[in-house]
1. Within region 1-20, restricting attention to residues that are at pLDDT 95 or above and part of a loop (DSSP other than H, G, I, E, B), which residue is nearest to THR221 (Cα to Cα)?
2. If I filter region 156-169 for residues that are without any contact (Cβ under 8 Å) to a residue 40 or more places away in the chain, under 29 Å from LYS16 (Cβ atoms) and part of a helix (DSSP H, G or I), do I get at least one hit?
3. Among the listed residues SER141, SER151, SER126, which satisfies the condition of being small (Gly, Ala, Ser), without any contact (Cβ under 8 Å) to a residue 60 or more places away in the chain and within 20 Å of TRP68 (Cα to Cα)?
4. Out of region 224-253, which residues are free of Cβ contacts under 8 Å to residues at least 40 places away in the same chain, in contact with a helix residue (DSSP H, G or I) (Cβ under 9 Å, 6 or more places away or on another chain) and closer than 16 Å to GLU183 by Cα?
5. Quick one: in region 107-129, of everything that is modelled with pLDDT of 95 or more and in a loop (DSSP other than H, G, I, E, B), which residue is surrounded by the most Cβ atoms within 10 Å (Cβ to Cβ)?
6. Tell me, yes or no, whether region 189-196 has at least one residue that is among the small types (Gly, Ala, Ser), more than 20 Å from GLY132 (Cα to Cα) and touching a helix residue (DSSP H, G or I) at 6+ places or on another chain (Cβ under 6 Å).
7. For region 170-204: of the residues being small (Gly, Ala, Ser) and part of a helix (DSSP H, G or I), which is surrounded by the fewest Cβ atoms within 10 Å (Cβ to Cβ)?
8. Across region 55-66, which residue is farthest from the chain's Cα centre (by Cα) among those that are surrounded by fewer than 16 Cβ atoms within 10 Å (Cβ to Cβ) and touching a residue at least 24 places away in the same chain (Cβ under 8 Å)?
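The values are calculated or read from the model by the stated rules, or taken from the named source; none is laboratory data. Everything quoted here is computed from the prediction, not taken from an experiment. Cβ placement follows ideal geometry from the backbone for every residue including glycine, while neighbour counts extend to all protein chains displayed.
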Amino acid sequence: MPEGPEIRRMVDDIAKAVAGQRAEQVFFAFDRFKAYEALLSGRQVTGVEARGKAVLVFFSATNDDGPWCVYSHNQLYGKWQMGKPGQEPRTNRQLRFAILGQKKAARLYSASDIQLVRPENLGEISYLARLGPDPINQRVSPDDLFAVFKSKRFRGRSLGGLLLDQGFVAGIGNYLRSEILFEAGMAPAIRPRDLDDTGRKRLAASILTLIHRAYKLKGITNDPERAEALKKAGWAFSRRRHMVFNRDSEACHHCGTGIMKTVIASRRLYYCPICQGC
């Protein structure tokens, strides 16, 4: 499943294709939305936003009807593709939702979680209502994260599972979880309540740094200078991309110890037993 930085880059692509443009045609695959195709066609796409791992496409109001928003969540298999209005991509995926402009089109394939709501009712969508701070799409400060760390809801849970909870911090998925824990020098079993002020600052900094780094560098979480040096040394993208994730048994870039792999919350997690004190 794409993580927050990937969703945000995808939203950037959708916005570049159709934001500010007139939707010449809108398509929905689901019968419950068919009546809205004509209602939304001809309206301007006023904006495209990411919230956690969800995508929001906003349509303008008309003289007799207010604005609308199409909410979608890619889940495991959803995928957006940009292209030309009259030229569908070759794919075996099922088209679920499409916006066809004069020059560009944005098409969503395979996703099943699609809702049509008024913008003022977005808070009623359960996924959005439970999202925590969203560093890649909102202004989130270390103080905002400290408040979450101290919350009764989260402070007693181990970070290995907690970092995947979108109510804790939005946009973190499996690779970011491993990378954040390594950057912070923390074992997966550590709980927020175990941290002193220095530890909380280190965890907050790791979350903010790596989420923004992954967005800016298109999925790279490794130290940028190290990643560039490894590229010049001939390392493939998949090997130089991360510090620990997907590097089972390879040498830690910091101490040379073999990276370990485990499973927490039914998903694989990678760590350095020395750097993280495991």
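1. Looking at residues that are at pLDDT 95 or above and part of a loop (DSSP other than H, G, I, E, B), I get ALA19.
2. No, region 156-169 contains no residue that is without any contact (Cβ under 8 Å) to a residue 40 or more places away in the chain, under 29 Å from LYS16 (Cβ atoms) and part of a helix (DSSP H, G or I).
3. On the way: SER141 fails: within 20 Å of TRP68 (Cα to Cα); SER151 fails: within 20 Å of TRP68 (Cα to Cα).
Sole residue among the options that is small (Gly, Ala, Ser), without any contact (Cβ under 8 Å) to a residue 60 or more places away in the chain and within 20 Å of TRP68 (Cα to Cα): SER126.
4. Result: PRO224, ARG226, ALA227, ARG240, ARG241, ARG247, CYS252, HIS253.
5. By that ranking, first place goes to ILE125.
6. Going residue by residue through region 189-196, those that are among the small types (Gly, Ala, Ser) are 189.
Remaining after also requiring more than 20 Å from GLY132 (Cα to Cα): 189.
Restricting the remaining residues to those that are touching a helix residue (DSSP H, G or I) at 6+ places or on another chain (Cβ under 6 Å) gives none.
So far as region 189-196 goes, no, none of its residues is among the small types (Gly, Ala, Ser), more than 20 Å from GLY132 (Cα to Cα) and touching a helix residue (DSSP H, G or I) at 6+ places or on another chain (Cβ under 6 Å).
7. Residues of region 170-204 small (Gly, Ala, Ser): 170-171, 173, 178, 184-185, 187, 189, 199, 204.
Going one step further and asking which of them are part of a helix (DSSP H, G or I), we end up with 178, 184, 199, 204.
Working: SER178: 28, ALA184: 23, GLY199: 16, ALA204: 23.
Once the filter is applied, the top-ranked residue is GLY199.
8. First, the residues of region 55-66 that are surrounded by fewer than 16 Cβ atoms within 10 Å (Cβ to Cβ): 61-66.
Of the ones still in play, those that are also touching a residue at least 24 places away in the same chain (Cβ under 8 Å) are 65-66.
Numbers: ASP65: 32, GLY66: 29 Å.
Ranking the qualifying residues of region 55-66, first place goes to ASP65.
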